[in-house]
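Below is one structure, written out as structure tokens; the observations come after it.
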């Protein structure tokens, strides 16, 4: 009543609760002139968030009120603007009543203070814990949350005022900003293709990974800034320290550190190959900025992962939890929260001694957790929790469908599973695809005639990037069964063991075969990003085809073996290119406004690629001279896609495509974000330990 405004605001109930718990009201002196600073201080103390900061006894209030210099108050200035505005709009008889209005106002102020003194400021030694409040944010029907196998695609700011998440409105994924006290979210421009957002300690910046780069963007707007190149390997988490350095994890590597301003990453932890370590993931800075929690990834499942801590001063590290788990984060209640399939666990933790002091218990069921431990949850310093609902490996069930050139879809099978990367055999009788679940990433074979599915790979945690030989007798694939991902092949009927074709220092991923027994593949190099090579089975030699500082992948041989189509970001965005093999003719750009997932038509007279939800086609003629047609849209649809490897295939008849559906909001929970305010109260009550550190 003094200011003419409510101290706490919110467009809906949950937003109002959030405002009361987290937002500081504006000072009275900032809202109205003539309010004594001392009176402002009394009101602020009465509304302090922490109980200990409020008045502890009613007798304290009159003492402070008597100290207010009432003689210095110019009552004509209190609410002068409001009263003057109203007086200007009323007849003259109301203008004469202004002094009486001021007098009445002062009486009201005195009454309010008296009410506060006898009611609001009662002693609160027995104040109960703050109430845990659960709510759901339902996204618009056109907006779908994006899950990725190695990305935590949601983050809440340390001060709990903002949330950022990854979603797709049909034009590709990007970051969305959601103020916690409002209804609406807005996309952050320039963050297309972003994954794994994380906040700066001062709540001003959001860091993220996109196009092989570590970037950052201001919440207030502006173009994203590139911090450094991180290569084409899987990006697995980042944390922004108080010293303005960012520590991040990459698949097949230890942790790296780089200045948030810009710089060259410095490796700060080394993998122990003798202990089976394949990556140091999900770093989380502990209070003080001198130690980091992280996950030691050993492949296969989260049961084999280990949660450890690294000293940034001595580089010494030690394991905290040997029972499995990933993505550990410290809570101010004195616990570590971490992920297991489909759930969040917690265990007591002594921050001074840097050791676990109790047994873990489950906290939240039904949280999206991916195979490598990417858990889609985040909490603020004061315990506001946000997470994507899900379970198990956090994989969305999808369907395999045949889609003709007009976009008419027909299911290949009635089953829905976490399908990926369908590949049709040259005779059309078999389909090889990947299924991602708690057991890992494995290849299955589907018999088109009989409608049966049979597992094809059994070893290692990642088996994918499969491609048929041109005669259909073997299937080549990438697997990490012997460490990092190397190239193997196996008879397509499943008989016998898989044989190693090619191994390297960095992970290798298959692409396609030429008629003369050459396979195009790409290597993920942390320095030069992804590069394309060709391996000749006849002489067992591998030679570079494209080895540049740009990111090149998704290499596909033309049916005659004389051309290679691929995707590169050399122009600043992903585009489809072709180049003759073995060269050295010039490079030709096929797509005109962005493109990924290049595939040849079986007759070699067309080249297909994806542009968002559009399936594009370009006519191709090599003789007598090279002639590329104008890209045409065949059909549009919300089908699963990837920037690295095509998520579809072309039937040998060239008239239909095997696509992987993307679950709609009605078919899954991918349009819902769960919110829990005062989650720390629940955490403390589960352990019944109080707020110990």
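The values are calculated or read from the model by the stated rules, or taken from the named source; none is laboratory data. Bear in mind the structure is a predicted one, so any value in this text is a computation, not a measurement. Note that each Cβ is placed from the backbone with ideal geometry, even for glycine, and that neighbours are counted across all protein chains shown.
Is it true that residue 281 is under 28 Å from residue 464 (Cα atoms), modelled with pLDDT of 95 or more and under 23 Å from the mean Cα position of the chain (by Cα)?
For residue 281, the condition - under 28 Å from residue 464 (Cα atoms), modelled with pLDDT of 95 or more and under 23 Å from the mean Cα position of the chain (by Cα) - is not met.
Select from segment 637-665 the residues that are assigned to a strand (DSSP E or B) and modelled with pLDDT under 90 and write down the one among them that is nearest to residue 597 (Cα to Cα).
Filtering segment 637-665 for residues that are assigned to a strand (DSSP E or B) and modelled with pLDDT under 90, the one nearest to residue 597 (Cα to Cα) comes out as 639.
Which one is nearest to residue 331 (Cα to Cα) among residues in segment 160-171 that are assigned to a loop (DSSP other than H, G, I, E, B) and either in contact with a strand residue (DSSP E or B) (Cβ under 9 Å, 6 or more places away or on another chain) or free of Cβ contacts under 8 Å to residues at least 24 places away in the same chain (or both)?
So the residue we want is 160.
Out of 591, 668, I need the residue that is buried (at least 18 other Cβ atoms within 10 Å of the Cβ), assigned to a loop (DSSP other than H, G, I, E, B) and at pLDDT 90 or above. Which one?
Criteria check complete, one pass: 591.
(1) in contact with a strand residue (DSSP E or B) (Cβ under 6 Å, 6 or more places away or on another chain); (2) farther than 25 Å from residue 274 by Cα; (3) in contact (Cβ under 8 Å) with a residue 40 or more places away in the chain: which one isn't true of residue 362, the others all being true?
Condition not satisfied by residue 362: (3).
Residue under question is residue 577, and the condition is that it be under 29 Å from residue 213 (Cβ atoms), in contact (Cβ under 8 Å) with a residue 40 or more places away in the chain and surrounded by 14 or more Cβ atoms within 10 Å (Cβ to Cβ); does it hold?
no
For segment 1-101, give me every one of the helices (runs of 4 or more DSSP H) that falls completely inside it and has 1 or more residues that are modelled with pLDDT of 60 or more.
Helices (runs of 4 or more DSSP H) meeting the threshold: 13-22, 28-31, 37-46, 60-66.
What are the pairs, 6+ residues apart or on separate chains, where a residue within segment 653-672 that is over 15 Å from residue 640 (Cα atoms) has its Cβ under 7 Å from a residue that is modelled with pLDDT under 60?
671/665
What are the residue pairs meeting all of these: first residue in segment 468-481, first residue on the phi > 0 side of the Ramachandran plot, second residue surrounded by fewer than 23 Cβ atoms within 10 Å (Cβ to Cβ) and assigned to a strand (DSSP E or B), Cβ atoms under 8 Å, and 6 or more apart or on different chains?
472/430
Please work out if residue 358 is crowded, with 17+ Cβ neighbours inside 10 Å and either more than 15 Å from residue 286 (Cα to Cα) or at pLDDT 90 or above (or both).
no
What number of residues within segment 272-297 satisfy the criterion of being surrounded by 17 or more Cβ atoms within 10 Å (Cβ to Cβ) and without any contact (Cβ under 8 Å) to a residue 24 or more places away in the chain?
2
Checking residue 606 against (1) without any contact (Cβ under 8 Å) to a residue 24 or more places away in the chain; (2) over 15 Å from residue 646 (Cα atoms), which single condition isn't satisfied?
Looking at each condition in turn, residue 606 falls short on (1).
Go through (1) surrounded by fewer than 23 Cβ atoms within 10 Å (Cβ to Cβ); (2) in contact (Cβ under 8 Å) with a residue 60 or more places away in the chain for residue 309 and report which single condition fails.
Going through the list (1) surrounded by fewer than 23 Cβ atoms within 10 Å (Cβ to Cβ); (2) in contact (Cβ under 8 Å) with a residue 60 or more places away in the chain, residue 309 breaks only (2).
Of these, 475, 500, 487, which one is surrounded by fewer than 17 Cβ atoms within 10 Å (Cβ to Cβ) and either part of a loop (DSSP other than H, G, I, E, B) or outside the structural domain of residue 235 (by TED's automatic domain parsing) (or both)?
500
Name the residues in segment 486-516 that are touching a residue at least 40 places away in the same chain (Cβ under 8 Å) and under 21 Å from residue 456 (Cβ atoms), would you?
Selection gives 487, 492, 494, 498, 502, 507, 509, 510, 511, 512, 513.
With the requirement that a residue be at pLDDT 90 or above and within 21 Å of residue 567 (Cα to Cα), what does segment 487-507 give you?
487
Kindly check whether there is at least one residue in segment 285-302 that is in contact with a helix residue (DSSP H, G or I) (Cβ under 7 Å, 6 or more places away or on another chain), in a loop (DSSP other than H, G, I, E, B) and on the phi < 0 side of the Ramachandran plot.
Within segment 285-302, one or more residues are in contact with a helix residue (DSSP H, G or I) (Cβ under 7 Å, 6 or more places away or on another chain), in a loop (DSSP other than H, G, I, E, B) and on the phi < 0 side of the Ramachandran plot.
Kindly evaluate residue 326 against the criterion of being farther than 14 Å from residue 354 by Cα, touching a helix residue (DSSP H, G or I) at 6+ places or on another chain (Cβ under 7 Å) and modelled with pLDDT under 95.
Considered against the rule, which asks whether it is farther than 14 Å from residue 354 by Cα, touching a helix residue (DSSP H, G or I) at 6+ places or on another chain (Cβ under 7 Å) and modelled with pLDDT under 95, residue 326 comes out as yes.
Being in a loop (DSSP other than H, G, I, E, B), over 16 Å from the mean Cα position of the chain (by Cα), surrounded by fewer than 19 Cβ atoms within 10 Å (Cβ to Cβ) and without any contact (Cβ under 8 Å) to a residue 40 or more places away in the chain is true for just one of 226, 220. Which residue is that?
Matching residue, one of 226, 220: 220.
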